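Notes to accompany the following structure.
The values are calculated or read from the model by the stated rules, or taken from the named source; none is laboratory data. Just so we're clear, the structure is a prediction, and the values are computed from it rather than from any experiment. Glycine also receives a Cβ, built like all others from the backbone with ideal geometry; neighbour counts cover every protein chain displayed.
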Amino acid sequence: MPIAKLKNVELYYDEFGSGDAYFIQAQQFTNNKLHYTIDLANRGFHVFNIQIRGYSPSTLVYEDLGEAWYDTWAQDVCDFADFMGIDRFFYTGYSHGAGIGWHLCLNHPERLRGFFPIVGGPHKKDGQETGSARMNTIRAAENPETWKPYAEKMTAANTEMYKRIAARAVDEEVKQAAMAAAEQYRNFWINMPKESAVLNPRKPFPRIRTEETLIEALRTIKIPTLMIGGMKDDISTPEDMVRSCKAVENAKLVLYEDATHGSLGPEHRLEIVEDIMQFVRQRNLR
């Protein structure tokens, strides 16, 4: 099991591809069977998918870091890059993983060659410090009797989605990878320790309280940024992503009409790769 032993944390990671065109993703979980980052590795990138602190087999966290979670995770990404001898890298993240990327853009812009947030918002500043989806998870985790039904419910739609992907696939290897990805995802949720399930990082940029201040912060970002989202996403809404695209200098936004928050990555993974490849070419990023 590949583990990066940093100065104050151990991070599990998966590695795909080779070379010096590095692509890093950091998430609470990323399957290593069928994922757009794996397809990016097949297109010439050297990919590292990091499991963030707080989620096994990376180091569990037993205290609440308050408003420092995303800053901590962003620093962990940079420390991981240093550990691997990587100076600058492309970063992508999905949902909360994209939140880590937004903090990288503000805290460590010198490390980034490009930023690719998928269903990345960031969330609207509406007076609620934690999103409703996260709060549902936290409440369910407080009682062992409510956790397993909740985890089964969380993974049911994902399992059906991967079954559809497998049914459409012509390649037998893709079919098998899709089913394995569904099983990995279910196991992650069913076996998640309570310490991880109740983790509350708040929304990205928790110290920013208003939309106006958030937009001002986003306007300082100069990293080449391609945002990809779904028109049917009720978590990182299209409106949030349009707001962000307007604020970030020379950013680009791609929206998929049929995609929800959870379905975009698996259902459109190859199209996401093409979107990223086109952006990289057009901006002469490698």
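Tabulated data
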{"quantity": "Condition met for N191 (farther than 16 Å from G120 by Cβ, out of contact with any strand residue (DSSP E or B) (no Cβ under 9 Å at 6 or more places or on another chain) and surrounded by fewer than 19 Cβ atoms within 10 Å (Cβ to Cβ))", "calculated": "yes"}
{"quantity": "Long-range neighbours under 7 Å by Cβ, at least six apart or interchain, first residue basic (K, R) within the stretch 38-59, second surrounded by fewer than 22 Cβ atoms within 10 Å (Cβ to Cβ)", "calculated": "R43/V273; R43/M277; R53/V9; R53/T59; R53/V61"}
{"quantity": "Residue ID - nearest to P193 (Cα to Cα), chosen from residues in the stretch 67-81 that are surrounded by fewer than 22 Cβ atoms within 10 Å (Cβ to Cβ) and small (G, A, S)", "calculated": "A68"}
{"quantity": "Some residue of the stretch 162-181 being in the same structural domain as I228 (by TED's automatic domain parsing) and aromatic (F, W, Y)", "calculated": "no"}
{"quantity": "Test result for Y13, over 19 Å from the mean Cα position of the chain (by Cα), under 20 Å from N191 (Cβ atoms) and in the same structural domain as L112 (by TED's automatic domain parsing)", "calculated": "no"}
{"quantity": "For L34: the one exception among (1) in contact with a Gly (Cβ under 7 Å, 6 or more places away or on another chain); (2) assigned to a loop (DSSP other than H, G, I, E, B); (3) of a type in the set (A, V, I, L, M)", "calculated": "(1)"}
{"quantity": "The stretch 220-253 - residue that is farther than 18 Å from F90 by Cα, in contact (Cβ under 8 Å) with a residue 24 or more places away in the chain and of a type in the set (V, I, T) and, of those, surrounded by the most Cβ atoms within 10 Å (Cβ to Cβ)", "calculated": "T237"}
{"quantity": "Subset of the stretch 201-215 [over 16 Å from the mean Cα position of the chain (by Cα) and in contact (Cβ under 8 Å) with a residue 24 or more places away in the chain]", "calculated": "P206, R207, I208, R209, T210, E211, T213, L214, I215"}
{"quantity": "One residue from E10, E15 being under 24 Å from Q278 (Cα atoms), touching a strand residue (DSSP E or B) at 6+ places or on another chain (Cβ under 9 Å) and without any contact (Cβ under 8 Å) to a residue 60 or more places away in the chain", "calculated": "E15"}
{"quantity": "Filter pass, V119 being surrounded by 23 or more Cβ atoms within 10 Å (Cβ to Cβ), over 27 Å from P238 (Cα atoms) and touching a Phe, Trp or Tyr at 6+ places or on another chain (Cβ under 7 Å)", "calculated": "no"}
{"quantity": "Residue that is farthest from T30 (Cα to Cα), among those in the stretch 254-270 that are surrounded by fewer than 17 Cβ atoms within 10 Å (Cβ to Cβ) and of a type in the set (D, E)", "calculated": "E257"}
{"quantity": "Residue that is modelled with pLDDT of 95 or more and under 23 Å from M192 (Cβ atoms), where the choices are I86, I100", "calculated": "I100"}
{"quantity": "Condition met for F90 (of a type in the set (F, W, Y) and in contact with a Lys or Arg (Cβ under 6 Å, 6 or more places away or on another chain))", "calculated": "yes"}
{"quantity": "Top-ranked residue of the stretch 214-236 - restricted to ones that are modelled with pLDDT of 95 or more, out of contact with any strand residue (DSSP E or B) (no Cβ under 8 Å at 6 or more places or on another chain) and not hydrophobic (A, V, I, L, M, F, W, C), ranked as nearest to N32 (Cα to Cα)", "calculated": "D233"}
{"quantity": "Residues of the stretch 48-66 classified as on the phi > 0 side of the Ramachandran plot, crowded, with 17+ Cβ neighbours inside 10 Å and not in a loop (DSSP other than H, G, I, E, B), total", "calculated": "0"}
{"quantity": "Given (1) more than 19 Å from N158 (Cβ to Cβ); (2) surrounded by 18 or more Cβ atoms within 10 Å (Cβ to Cβ), index of the condition T37 fails", "calculated": "(1)"}
{"quantity": "In the stretch 67-100, the residues that are of a type in the set (G, A, S) and either touching a residue at least 40 places away in the same chain (Cβ under 8 Å) or not assigned by TED's automatic domain parsing to the domain that holds I235 (or both)", "calculated": "A81, G93, S95, G97, A98, G99"}
